[in-house]
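Everything below concerns the one structure shown next.
The values are calculated or read from the model by the stated rules, or taken from the named source; none is laboratory data. Since this is a predicted model, take the numbers as computed values, not measurements. Counting neighbours? That spans all protein chains shown, and the Cβs are built from the backbone with ideal geometry, glycine included. Surface areas here come from the heavy atoms of the whole protein model, side chains and all, with no ligands, DNA or RNA. Shrake-Rupley method; radii C 1.70, N 1.55, O 1.52, S 1.80 Å.
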Amino acid sequence: MMKSLPVNTLWFVCSIMLNALGNSFMIIANLGSAPWAAAGENLASILPFSIGVCIIFLNFCSFMLSYIMKIKFSFSMFIKSMVLTFVFGMLIDLFVHFHHMMYVPENIWIRCLYILIGLNLMAIAISIYFQSSTVYLPSDYLLKAFGKLMNNYTLGNIICTLIPLSISLPIMIVQQHIMGLGIGTMLYLFGIGIFIDQYNRWIVIHKEVPKQNTYLVK
């Protein structure tokens with residue numbers, strides 16, 4: 001069991017880095033990001049904080065809302081999830097900074113390519129993430145809360161997605177400037193599941209079976 005722990009941890013760390021990198025590609029493309037990242041972009045435009053810090057704040061609020069909706073958390077789970085959120089937010093800021101240092105595309109076709117790269121990286125990350133981890137981002141717990149409330153995860157996902165969109169829209173209306181929402185957001189909403197299903201077929205993380213189970217069948 002001890003041998004499998006470092007491998008799963010490595011997979012998990014890889015998934016968080018890929019997810020943050022994928023988000024950074026979509027943010028830099030400036031053609032629409034994933035809903036929570038889009039909300040982070042809009043908040044960052046009116047607050048003296050970075051996109052990553054705003055995403056951390058949004059995830060903290062997601063945790064609080066999940067708790068209000070009767071999702072039970074241990075203190076240890078809360079701390080681990082918030083540490084994960086902090087690392088995730090800081091990685092997004094780091095990768096966005098690297099993009100600005102190296103190259104920010106202006107050509108529409110390269111920007112579209114960035115969206116596809118971002119979507120694929122995020123799909124790979126999510127596929128690995130749910131196979132290798134028992135601790136999730138607060139926004140994932142919020143999805144679980146709405147799924148249980150509606151007794152339907154499809155409907156729960158729609159309602160959960162409306163939350164970051166409802167944050168972005170008023171800010172864009174006041175500023176009269178579209179930020180974070182666009183074709184990339186639509187592709188994420190309707191295409192990320194297809195990408196994840198495909199990568200789930202290609203990426204299978206085998207967890208070691210405890211030895212005592214091997215003696216049950218003679």
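Two tests apply to each whole DSSP H helix in the chain, Cα reach of 20 Å or more along its axis and mean Kyte-Doolittle hydropathy of at least -0.5, and the ones passing both are 4-29, 51-68, 75-102, 108-132, 153-175, 183-202. Fully extending the segment from V174 to M90 would add 27.5 nm, taking 0.36 nm per residue of separation and subtracting the current Cα-Cα distance. The label point for I117 and the one for M186, both projected 7 Å from the Cα toward the Cβ, are 2.4 nm apart.
Of all aspartates and glutamates in the structure, the ones whose alpha carbon falls short of 16 Å from that of K72, not counting any fewer than 8 places away in one chain, are D140.
In this view, the solvent-accessible surface of M69, computed with a 1.4 Å probe and all protein chains in place, comes to about 50 Å². Candidate values [x] 18.3, 71; [y] 17.3, 53; [z] 18.2, 60 were compared with Rg and Dmax of the Cα atoms in Å computed on the shown model; the agreeing label is [x].
Dividing the convex hull volume of the alpha-carbon atoms in the range 74-145 by its residue count gives 102 Å³ per residue.
Of the accessible area of the range 79-161, computed with a 1.4 Å probe over protein heavy atoms only, carbon and sulfur atoms account for 70 percent. For the range 106-210, applying the loop criterion from DSSP together with a ceiling of 13 other beta carbons within 10 Å to the trypsin sites (Lys or Arg not before Pro) yields K207. Among W202, W36, W109, W11, the order of accessible area from largest down is W109, W202, W11, W36, computed with a 1.4 Å probe on protein heavy atoms. For the range 7-80, the calculated P(r), taken from all Cα-Cα distances in 5 Å bins from zero up to the bin holding the longest distance, is 3, 14, 18, 19, 20, 16, 8, 2, 0 percent. For S139, the accessible area of its heavy atoms, probed at 1.4 Å with every protein chain present, is near 20 square angstrom.
Taking label points 7 Å from Cα along the Cα-to-Cβ direction, F78 and F49 give a separation of 1.8 nm. One way to sum up the overall shape of the range 107-178 is the equivalent ellipsoid from its Cα gyration tensor, whose semi-axes run 26, 22, 10 Å, largest first.
Available extension along the chain between S166 and Q198 is 8.5 nm, counting 0.36 nm per residue and deducting the alpha carbon span.
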